[in-house]
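One structure is given here, and the rest of the page talks about it.
What follows draws every value from the coordinates through simple rules; no lab data is involved. This is a predicted model, so every value here is computed, not measured. No Cβ is skipped: glycine too gets one built from the backbone with ideal geometry, and neighbour counts run over all protein chains shown.
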Amino acid sequence: MAVLTPAGRGAVAVARVWGPDALATVDAAFRPMRGKPLAETPPMRPRLGRLGAGLGDEVVVVILDGEPGGVEVQCHGGSAAIEMVLRALADGGARLVEPSAFLRAATPTETSAEAWEDLARARTLRAAEILLEQAQGALDREVESIANGGPDSTSRLDALIDRGRVGVRLVEGWRVVIAGRPNAGKSRLLNALAGYERAIVAPTPGTTRDAVTARTAFDGWPVELVDTAGVRLAEDVVERSGVERALRERARADLTLLVLDRSRPLEPGDEASPGPSTLIVASKADLPAAWDPAEVSGATASLVVSAETGEGLEALGTAIARALAPEPPPPGAGVPFRRGQVDRLIRMRASLGP
């Protein structure tokens, strides 16, 4: 048996019992409110009764059709109620396993089971839609088609592997670091992009000492924003530690938003090329401009924004999405969504030769 609803308090919890003795096990523990025993109930007909020691918990029980079949028990979602029901079923011989064990029993392939697991953890509708397509066999069908051969097998496999760059981020998301000098407007930008007051905003330079994170999404792609300490030569040991942390965060970011205060003159080094995986953000557009974006980025366009008024934030969100996923998978396409799947496809590609 497995609990299929998320951990924690809820209105209703759902347990699934399957296997050869599932019906007998639940029937022995279930006390119907009225009528025949559970074993004499037609499939898919809900039965109201109680499960558990003493008075027990009021539950709804359904005998299921299809594979892997079994019995579904719906009880109250409090931890005490769930524990009471599970204990009663365990006393009858049921063994508690992780929900993934049920998914593997209920789905035709390992890939489909993994997709259902990840679908439960998806944080955006776009990620959920792609994972649902994989759960319904999109990736399995594409791999099978490529394995059957054809003149375009290698190019199709290359495209499939490339989609894995997006696929493996559908649950964990991308890491976007907001960097820049003290008082450039980084924390205010984080709050504006996240949609709530996550970071402390103050006029005092060096307010942010540690990395502050917020989860959000851009064009349906899950993202963790990271606000970091302003980078400068700091004498205070705590601020210096924050600066070192900021540099480490930037080194492991998927994308960096380099924030420059447009209302103050540029400082030495601001005109340098931003480098790969970096977007230049000219902040505080609501104040008089002290420099032109072309002075900094050259051929790379700067995004002029105001976290105070919201100017430019939509364009910045679009730019972030395009930088993270420049070629989104087409609808219905196979998408490898775990690193192990990508590794297997890479080995498959190597076996096909150049």
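Side notes on the structure shown:
- Simple Cβ-charge dipole of the chain, Lys/Arg +1 and Asp/Glu -1, about Cα centre, in debye nearest 20: 640
- Residue-normalised convex hull volume from the C-alpha trace of region 2-104: 91 Å³ per residue.
- Relative to the current alpha-carbon distance between Thr213 and Arg45, full extension at 0.36 nm per residue lengthens the span by 55.7 nm.
- At R0 = 56 Å, FRET efficiency that the Cβ-Cβ distance of Ser153 and Asp286 yields, to 0.05: 0.55
- A Cα-only calculation for the chain places Rg and Dmax at 27.1, 84 Å.
- For region 64-151: relative contact order, % (alpha-carbon pairs under 8 angstrom, 6 or more apart): 18
- Beta bridges by DSSP in the chain, antiparallel share as percent, to the nearest 5: 60
- Contour minus Cα-Cα distance for Thr318 and Ser145 (0.36 nm per residue): 58.8 nm
- Per-residue [θ]222 nm for the chain (sum of -39500 (n - 2.57) over DSSP H runs n ≥ 4, rounded to 500): -11000 deg cm²/dmol
- Top positive-direction residue, dipole computed over region 2-104 with Cβ charges, set Gly70, Thr25, Val59: Val59
- Simple rule: put +1 on each Lys or Arg Cβ and -1 on each Asp or Glu Cβ in region 276-354, find the dipole, and look at Leu345, Val304, Thr278; the Cα lying farthest toward the positive end is Leu345.
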